[in-house]
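Working notes, structure below.
Computed from the coordinates by the stated procedures, all read-outs in this text should not be read as laboratory data. Quick caveat, the model's predicted, so the values are computed rather than measured. Using ideal geometry, Cβ is built from the backbone for each residue, glycine included, and neighbour counts are taken over all protein chains shown.
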């Protein structure tokens with residue numbers, strides 16, 4: 001994974017609004033400072049920044065990684081979107097992660113259950129809660145099943 005420029009360099013290039021998750025260029029020709037959103041959206045759903053951030057030529061960086069370093073100065077192996085929405089870069093939705101934590105947001109259930117919360121699958125007329133392959137019970141509503149999943153995760 002490409003090393004990002006220093007936090008100081010990133011803060012000199014960008015402004016960030018933690019409430020909206022928008023990263024904007026500080027100095028964009030023809031625009032008011034802070035009014036031009038940096039980067040663009042990829043087909044994968046992530047946002048990316050393409051620029052010469054460190055003087056070595058134009059490179060691509062995922063926006064959530066730039067934001068994490070902009071905020072903390074750290075560059076963890078992975079930055080996870082807590083709600084699973086890849087272009088939701090609000091600060092409250094980003095966290096440092098490892099592969100296990102990041103995989104929890106991966107949807108591996110059939111498409112017909114795409115509207116159910118993480119850890120919940122439809123079974124007949126009920127909703128089954130599971131965590132790490134463990135059966136946690138069958139419930140009347142997806143909300144109750146998801147609550148059981150959340151309790152097991154903690």
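Table for the structure above
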item	result
Estimated 222 nm signal from helices in the chain, with DSSP H stretches of n ≥ 4 weighted -39500 (n - 2.57), rounded to 500	-6000 deg cm²/dmol
Label-point separation in nm, residue 98 to residue 118, each point 7 Å along Cα→Cβ	1.6 nm
Sorted by Cβ neighbour density within 10 Å, fewest at the top, the residues 2, 144	2, 144
Protection-proxy order for peptides 71-78, 7-14, each taking the mean of Cβ atoms within 10 Å per residue, highest first	7-14, 71-78
Space enclosed by the convex hull of the alpha-carbon atoms of segment 111-153, per residue, Å³	65 Å³
The chain: most fluctuating residue of 64, 131, 81 per GNM, C-alpha cutoff 10 Å	131
Using alpha-carbon coordinates, inclination of helix 63-72 to the longest axis of the chain, degrees	80 degrees
Rounded to 10°, Cα long-axis angle of helix 142-153 versus longest principal axis of the chain	70 degrees
Listed residues 95, 58, 37, most fluctuating in the chain (Gaussian network, C-alpha, under 10 Å)	58
Gain on full stretching of the segment that runs from residue 144 to residue 37 - 0.36 nm per residue minus C-alpha separation	34.6 nm
Alpha-carbon gyration tensor eigenvalues x 5, square-rooted, for segment 52-104, Å	21, 11, 11
Potential extension, residue 153-residue 17 segment - 0.36 nm per residue separation minus Cα distance	45.9 nm
Calculated P(r) of the chain - Cα pairs past 22 Å, %	50 percent
